[in-house]
Amino acid sequence: MSVRELDAARLTDAVARLYVDACLHLPEPVKEKLYAFGNPYIIENFEKNGNIPLCQDTGMAAVYLEVGQDVHLTGDIPAAVNEGVARAVQEGYLRASIVADPLRRTNTGDNTPAFLYTDIVPGDRVKVTVAPRGFGCENKARIAMLAPADGLEGVKAFVLETARLAVPDACPPVKIGVGLGGNFDRAAYMAKKATLREGPNPDPFYAALEQELYEQTKTFSIGVNILQAPTHIAGLPCAVSIGCHSLRYASEVL
């Protein structure tokens, strides 16, 4: 079996380019949802934006790497990703919003470190996705360790309550991501990643649940996405992540 080598410097270049692009331009699927929602001020914001960020909060740099099991990344991967973030902040004139310590609050000056997530997948390619996360919506995320007896109705109640609490401060219309199952941290990870998914859940049961929740939130949302995972017999973790109307992300395959 041959293994493809990929220099981590390629990650630096990709992250720098994708971070700036995501801050300046909405993905086409998000634009389509916003056109359908029909708020003229929001449409004007992304149509006439030009080369300035869609939002002054250029966010935490959430970087997702889907790493093929047949690729060998050479070099320091976290350092390469952080260098890409720092370069994007400098070259794109993005706001530095990260503090080095949650209580002592000293700004790092270049929006590093990135928040790096990796998944191992088949193949010999690396898919890089950069998703700037502003904190107007990030602060509205919630997680509940529901009991199995809470069941479907408990999940729906928690998702709807979280969405309605979020709306006044999360720059609606929002994208609602739900992580269901797994454990405490996996549910939160899935909820955030769900906001980036394009299209319905491949499982018809969850696709129907997404549509039902969307019908109850469509006055202030552009969609509901669910990611689900196996969980323990004694638990029903449920996390909700909110994406604002400037739902920014950009991807590239290396």
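Selection over the range 162-171 of residues that are within 16 Å of the chain's Cα centre (by Cα) and not aliphatic (A, V, I, L, M) gives a count of 1.
Give the residues of the range 128-145 that are part of a strand (DSSP E or B) and surrounded by fewer than 18 Cβ atoms within 10 Å (Cβ to Cβ), sorted by residue number. Met145 - this is the single residue of the range 128-145 that is part of a strand (DSSP E or B) and surrounded by fewer than 18 Cβ atoms within 10 Å (Cβ to Cβ).
Would you check if Asn111 is at positive phi and either crowded, with 19+ Cβ neighbours inside 10 Å or not basic (Lys, Arg) (or both)? Yes; evaluated as a whole, the condition is true for this residue.
Residues to consider are Glu83, Glu47; find the one that is among the charged types (D, E, K, R), surrounded by fewer than 16 Cβ atoms within 10 Å (Cβ to Cβ) and not assigned by TED's automatic domain parsing to the domain that holds Met190. Step through it out loud before you land on a result.
Working: Glu83 fails: surrounded by fewer than 16 Cβ atoms within 10 Å (Cβ to Cβ).
Glu47 is the lone residue from the list that is among the charged types (D, E, K, R), surrounded by fewer than 16 Cβ atoms within 10 Å (Cβ to Cβ) and not assigned by TED's automatic domain parsing to the domain that holds Met190.
In the range 156-176, the residues that are assigned by TED's automatic domain parsing to the domain that holds Gln228 and touching a residue at least 60 places away in the same chain (Cβ under 8 Å) form Cβ pairs under 6 Å with partners that are assigned to a loop (DSSP other than H, G, I, E, B) and surrounded by fewer than 24 Cβ atoms within 10 Å (Cβ to Cβ), at six or more places apart or across chains, as follows: Ala163/Thr217; Ala166/Lys140; Ala170/Lys140; Pro172/Phe220; Pro173/Phe220.
What's the number of the only condition in (1) over 17 Å from Thr217 (Cα atoms); (2) at pLDDT 95 or above that Phe158 fails to meet? Status for Phe158: all satisfied but (1). In the set (1) modelled with pLDDT under 95; (2) assigned to a helix (DSSP H, G or I); (3) not aliphatic (A, V, I, L, M), Glu198 fails one condition alone, (2). For the range 1-55, filtering for residues that are touching a helix residue (DSSP H, G or I) at 6+ places or on another chain (Cβ under 7 Å), assigned to a helix (DSSP H, G or I), of a type in the set (A, V, I, L, M) and under 15 Å from Leu247 (Cβ atoms) leaves 3. One residue stands out in the range 101-155 among those that are of a type in the set (D, E, K, R) and free of Cβ contacts under 8 Å to residues at least 60 places away in the same chain: the one that is nearest to Gly68 (Cα to Cα), namely Asp119.
Put simply, of Thr231, Thr219, Thr195 the only residue that is under 12 Å from Val174 (Cα atoms), surrounded by fewer than 21 Cβ atoms within 10 Å (Cβ to Cβ) and not assigned by TED's automatic domain parsing to the domain that holds Gln56 is Thr219. When Met190 is tested against (1) crowded, with 21+ Cβ neighbours inside 10 Å; (2) touching a helix residue (DSSP H, G or I) at 6+ places or on another chain (Cβ under 9 Å), just one condition goes unmet, and that condition is (2). Return the only residue of Ile98, Ile52 being farther than 23 Å from Val121 by Cα, among the β-branched types (Val, Ile, Thr) and surrounded by fewer than 14 Cβ atoms within 10 Å (Cβ to Cβ). Answer to the check: Ile52. Go through the range 42-89 residue by residue and tally those that are in contact with a strand residue (DSSP E or B) (Cβ under 7 Å, 6 or more places away or on another chain) and either closer than 22 Å to Leu254 by Cβ or free of Cβ contacts under 8 Å to residues at least 24 places away in the same chain (or both). Of the residues in the range 42-89, 18 are in contact with a strand residue (DSSP E or B) (Cβ under 7 Å, 6 or more places away or on another chain) and either closer than 22 Å to Leu254 by Cβ or free of Cβ contacts under 8 Å to residues at least 24 places away in the same chain (or both).
The values are calculated or read from the model by the stated rules, or taken from the named source; none is laboratory data. Note that this is a predicted model, so its numbers are computed, not measured. FYI the Cβ positions are ideal-geometry reconstructions off the backbone, even for glycines, and counts take in every protein chain you see.
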